[in-house]
Amino acid sequence: MEEYLLTSRLEKKTKGKLQKQICQVVLDHFEKQYTAELGDAWSSVRDVLTSPWCWQHALLLNRFSPSPGLESSLAEQGYHPAFPAALPYLPAAFRCYSRTAPGRFPAQKHQPGRLKGYYLLNAASLLPVLALEVRDGEDVLDLCAAPGGKSVAILQCACPGHFHCNEYDDMRSRWLEQTIESFIPDPLVNLITVSKLDGRQIGDLQPEFYDKVLVDAPCSNDRSWLFSADPQQAVLRLMQRKELSSLQFQLLRSAVKALRPGGSLVYSTCTLSRAENSDVIKLLLSSCSNVMPVDISGMARAVSQEFAFLSGTQQHELLVLPEKGRAWGPMYVAKLKKVSST
């Protein structure tokens, strides 16, 4: 199991490398916005976001490619099951491991024709999947699917009747296809449709076709933006940031059209920004009379040992705040239900 061991030398090298890359223009922007939006919580969140050497990484095990000895090796290194049995929805085949110590488990290389045994991720990114509660035989749409981690996670939970993974961006769509090839066996791949449609149009193209829709929307990714290598690109991103909420709202409107009455929609982002999170959901709820919020506070309570949440959010939403020892997120999750066609 030597291949699974991390060396402190590599971690020290990573620490020095990443520390130099903090983009000051982004940090200054976040400082102003998130001090206003998060108050006292921002300083501890900022300490984690600007310290990549304290970030944690979880492993989602691939049920289609068991790795003998992996779970015992993980236990020896201090990893534990990330999600408790008390969760309202936790399929038996869904196995994710995390630990409080920072560090990243070795990644597995893509090898055509060979399935990977695990997917490395931020554990908070699995909360939208668990909130979606996919069951066997349901028709499911992952509207903005690349790089494919949530698509892979959905297939660890259930076997959809039809699974549509969409990614508009050409390069990211190829990344999505490679992820599916790396984790999903051929018989199941035949149930999956990968498309490169504009997500804003899918609702009109396939009205009331899906039981469950996940909108893991394009957003201002707080973690990666803080380490923008190109300051000019960072300035451009910050200027375009105001336009994201409009795109997110349009994607949600499309998702509602694509849902069957009685179907569920989960919206998620990896940003702390209120404009891209609760404000977008409020606008959708006020403009779509056939959509109702769904209480996910039970899920939040069940995982409160593993994740830190912003207090004061509505029952249909949660926001994971990174903190030391629980350096997951940011991850915003909201759940809605379509109650009728009109």
Any idea which residue in the range 271-302 is most open to solvent (accessible area, probe 1.4 Å), counting only those that are of a type in the set (S, T, N, Q), within 18 Å of L247 (Cβ to Cβ) and in a helix (DSSP H, G or I)?
-> S287
Between a first residue in the range 23-45 that is at pLDDT 95 or above and a second residue that is part of a helix (DSSP H, G or I) and open to solvent by 30 Å² or more (accessible area, probe 1.4 Å), which pairs have beta carbons less than 7 Å apart while being 6 or more apart in sequence or on different chains?
-> E37/R274; W42/T35
Name the single residue, out of those in the range 155-209 being among the hydrophobic types (A, V, I, L, M, F, W, C) and surrounded by fewer than 17 Cβ atoms within 10 Å (Cβ to Cβ), that is farthest from L121 (Cα to Cα).
-> L205
Output the residue which, of all residues in the range 210-228 that are in a helix (DSSP H, G or I), under 23 Å from D142 (Cα atoms) and touching a helix residue (DSSP H, G or I) at 6+ places or on another chain (Cβ under 8 Å), is least open to solvent (accessible area, probe 1.4 Å).
-> D222
Which numbered condition trips up W328, out of (1) open to solvent by 50 Å² or more (accessible area, probe 1.4 Å); (2) in a loop (DSSP other than H, G, I, E, B); (3) touching a residue at least 60 places away in the same chain (Cβ under 8 Å)?
-> (1)
Could you grab me the full set of residues in the range 124-173 that are more than 17 Å from the chain's Cα centre (by Cα) and either under 22 Å from R99 (Cα atoms) or among the acidic types (D, E) (or both)?
-> D136, E138, D139, D169, D170
Here is a list of conditions, (1) buried (at least 22 other Cβ atoms within 10 Å of the Cβ); (2) closer than 15 Å to Y332 by Cα, and H316 meets all of them except one; can you say which number that is?
-> (1)
Can you name the number of the only condition in (1) out of contact with any strand residue (DSSP E or B) (no Cβ under 6 Å at 6 or more places or on another chain); (2) of a type in the set (A, V, I, L, M); (3) open to solvent by less than 50 Å² (accessible area, probe 1.4 Å); (4) under 23 Å from R200 (Cβ atoms) that L87 fails?
-> (4)
Of all residues making up the range 171-230, the number that are in contact with a strand residue (DSSP E or B) (Cβ under 9 Å, 6 or more places away or on another chain) and within 22 Å of Q108 (Cβ to Cβ) = 11
Go through the range 75-84 residue by residue and tally those that are open to solvent by less than 70 Å² (accessible area, probe 1.4 Å) and without any contact (Cβ under 8 Å) to a residue 24 or more places away in the chain.
-> 4
Go through the range 196-249 and give me each residue that's of a type in the set (V, I, T) and modelled with pLDDT under 95.
-> V235
Those residues of the range 229-264 which are more than 24 Å from V213 (Cα to Cα), of a type in the set (A, V, I, L, M), assigned to a helix (DSSP H, G or I) and in contact (Cβ under 8 Å) with a residue 12 or more places away in the chain amount to A234, V235, L238
Do we find a residue being among the hydrophobic types (A, V, I, L, M, F, W, C), in contact with a Pro (Cβ under 8 Å, 6 or more places away or on another chain) and within 14 Å of I192 (Cβ to Cβ) anywhere in the range 149-161?
-> yes
Inspect all residues belonging to the range 292-305 and state whether any of them is among the small types (G, A, S), modelled with pLDDT of 95 or more and within 30 Å of Q21 (Cα to Cα).
-> no
Yes or no: S268 part of a helix (DSSP H, G or I), at pLDDT 95 or above and on the phi < 0 side of the Ramachandran plot?
-> no
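The values are calculated or read from the model by the stated rules, or taken from the named source; none is laboratory data. This one's a predicted model, so the numbers in the text were calculated from it and none came from an experiment. Note that we place each Cβ from the backbone using ideal geometry, even for glycine, and neighbour counts take in every protein chain shown. Heads up: the accessible areas ignore ligands, DNA and RNA and are worked out on the full protein's heavy atoms, side chains in. Shrake-Rupley method; radii C 1.70, N 1.55, O 1.52, S 1.80 Å.
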